[in-house]
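Could you have a look at this structure, given as structure tokens, before my questions?
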Amino acid sequence: MKPAISLILAMLLPLAALAQAAAPADPAAVPAPWAPVEAAGVDLESFHWISRPIVVFADSPQDPLFLQQMKLLAADPAGLIERDVVVIVDTDPAARTPVRQALRPRGFSLVLMDKDGKAMLRKPLPWDAREITRAIDKFPLRRQEMLEQRPSGR
């Protein structure tokens, strides 16, 4: 009987250690895995070859299209995280941020950029994360990344 109990304890001990390591000491101190970045103070050059910026422009933070776009992005961030996407938001046209000056939007605009810094797509209406990830998967640099990850998938 004793060997069975020790065997069960030996099997459960690593699970307890994993649960303890996975639980954060302070839940408020854990950063969100995906969060939009304000355009003020952002330099698009800092994302070159690191991330794919998706820039969401609006004339006001209460713009219905902007609110819908942010809901759609927040609903399914896993695909965006997998594709190294960083979401940049700019809802103040009067601020004339460098991002706004570089991309020159009119009203609501969704701009998908690639890792090389080129604006690949501009959309006047909100897109959900599925549409965005499928568009990104068609970018030449993303196709190259996918081939490097799975070379036999040609």
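Take the conditions under 23 Å from the mean Cα position of the chain (by Cα) and either at pLDDT 95 or above or part of a loop (DSSP other than H, G, I, E, B) (or both) and apply them to Ala32. Does it pass?
yes
Would you confirm, using the coordinates I've provided, whether Asp63 is surrounded by 14 or more Cβ atoms within 10 Å (Cβ to Cβ), over 25 Å from Ile50 (Cβ atoms) and out of contact with any Cys (no Cβ under 9 Å at 6 or more places or on another chain)? Steps first, please.
Details: surrounded by 14 or more Cβ atoms within 10 Å (Cβ to Cβ): yes; over 25 Å from Ile50 (Cβ atoms): yes; out of contact with any Cys (no Cβ under 9 Å at 6 or more places or on another chain): yes.
Spelling it out, Asp63 is indeed surrounded by 14 or more Cβ atoms within 10 Å (Cβ to Cβ), over 25 Å from Ile50 (Cβ atoms) and out of contact with any Cys (no Cβ under 9 Å at 6 or more places or on another chain).
Picking from Leu147, Leu141, Leu121, Leu125, which residue would you name as being surrounded by fewer than 18 Cβ atoms within 10 Å (Cβ to Cβ) and in a loop (DSSP other than H, G, I, E, B)? Lay out the reasoning, then the answer.
Details: Leu147 fails: in a loop (DSSP other than H, G, I, E, B); Leu141 fails: in a loop (DSSP other than H, G, I, E, B); Leu121 fails: in a loop (DSSP other than H, G, I, E, B).
Just a single option satisfies the conditions, and that option is Leu125.
Continuing with this model, one more query. Restricting to the stretch 72-98, count the residues that are hydrophobic (A, V, I, L, M, F, W, C), under 18 Å from the mean Cα position of the chain (by Cα) and within 20 Å of Gln62 (Cβ to Cβ). Break it down into steps so the answer makes sense when it comes.
Of the residues in the stretch 72-98, the ones hydrophobic (A, V, I, L, M, F, W, C) are 72-75, 78, 80-81, 85-89, 94-95.
With the extra rule that they be under 18 Å from the mean Cα position of the chain (by Cα), the set shrinks to 72-75, 78, 80-81, 85-89.
Then keep just the ones that are within 20 Å of Gln62 (Cβ to Cβ); that gives 72-75, 87-89.
So the answer is 7.
All but one of (1) within 23 Å of Asp43 (Cβ to Cβ); (2) over 14 Å from the mean Cα position of the chain (by Cα); (3) in contact (Cβ under 8 Å) with a residue 60 or more places away in the chain hold for Arg104; state the number of the condition that does not hold.
Among (1) within 23 Å of Asp43 (Cβ to Cβ); (2) over 14 Å from the mean Cα position of the chain (by Cα); (3) in contact (Cβ under 8 Å) with a residue 60 or more places away in the chain, the lone unmet condition for Arg104 is (3).
The values are calculated or read from the model by the stated rules, or taken from the named source; none is laboratory data. Note that the structure is a prediction, hence the values are computed from the model and not measured. Heads up, the Cβs are rebuilt from the backbone with ideal geometry, glycines too, and the neighbour counts pull from every protein chain shown.
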